[in-house]
Amino acid sequence: MKKILFSLVALVASMSMNAQIMKVMKGNEVVATYTSVQADNVVFEEEIVETWNYIGVGEWVETLPELFGEEAMTLNVNVYESVENPGKYKFNGLGLPMANWFYEQDMTDYVNEYWYDAYLTIDATDPDNVIMPVQEMGFNAGSSYGWPTIGNYVNDQLVAPGTLKDGVITFAIKGMVCGMGTSYYYYNGSGLCQLTLPTDDAKIVAKKNLSTNKQMKMGSFQEYKTNSVR
């Protein structure tokens, strides 16, 4: 029997009710949240849809090229903030430029086969403990690497917390991982990876960050394993 999605407002007030929040997970990502209410042996469920406000164009510094001996790339991305959870952000715009970089040609016509417009989420509701669950970047790196994933939270383990300060989300050196093929590798070896929120002040801070870190050693392939030490 299919579950009935029913507005909680329609429940009769005289019914005895037990409410609880249920989350539907896909890997490390919450894909749906339900309020489940039991009233006199009947279960009613209502999906809580997270809504997002577009807040402008920000900048994402992508350090995956460092693993291949190249410099990090600064990409313009669209940034959104959660209405229900201020400080939680998502952004998109990595798929096509990363496919262009990897294949060294314009991959616009190969949408869905080699790239798609992925939305990546970052939870910065605690500015001192920023979490980015491992998620797909949105491009296909071929049979050897598959669809690369990045983040600082993998297999129920936080590699290292990120921080949000002055409108810029930064991550620790080797405080992230990149999933390629069947393995995870330390990512952000230079410490340059950051998301700049779309404000003028944040852009000034981000520019200073990049200037400070630009002399740091770039990354190399180093496999990450759960509970391993950086």
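The numbers here are math on the coordinates, done by the rules we state, and not lab data. A quick note: this is a predicted structure, and the numbers were derived from the prediction, not measured. We place every Cβ from the backbone using ideal geometry, glycine too, and count neighbours over all the protein chains shown.
Structural remarks
- Entry remark, the range 128-174: residues being polar (S, T, N, Q), without any contact (Cβ under 8 Å) to a residue 24 or more places away in the chain and in a strand (DSSP E or B) number 0 in total.
- All of (1) surrounded by 20 or more Cβ atoms within 10 Å (Cβ to Cβ); (2) within 16 Å of residue 58 (Cα to Cα); (3) among the aliphatic types (A, V, I, L, M) hold for residue 134 with one exception: (2).
- Of all positions in the range 86-94, none carries a residue that is surrounded by fewer than 16 Cβ atoms within 10 Å (Cβ to Cβ) and either of a type in the set (Asp, Glu) or farther than 27 Å from residue 166 by Cα (or both).
- With respect to the stated conditions, residue 100 is outside any strand (DSSP E or B) and of a type outside the set (D, E, K, R).
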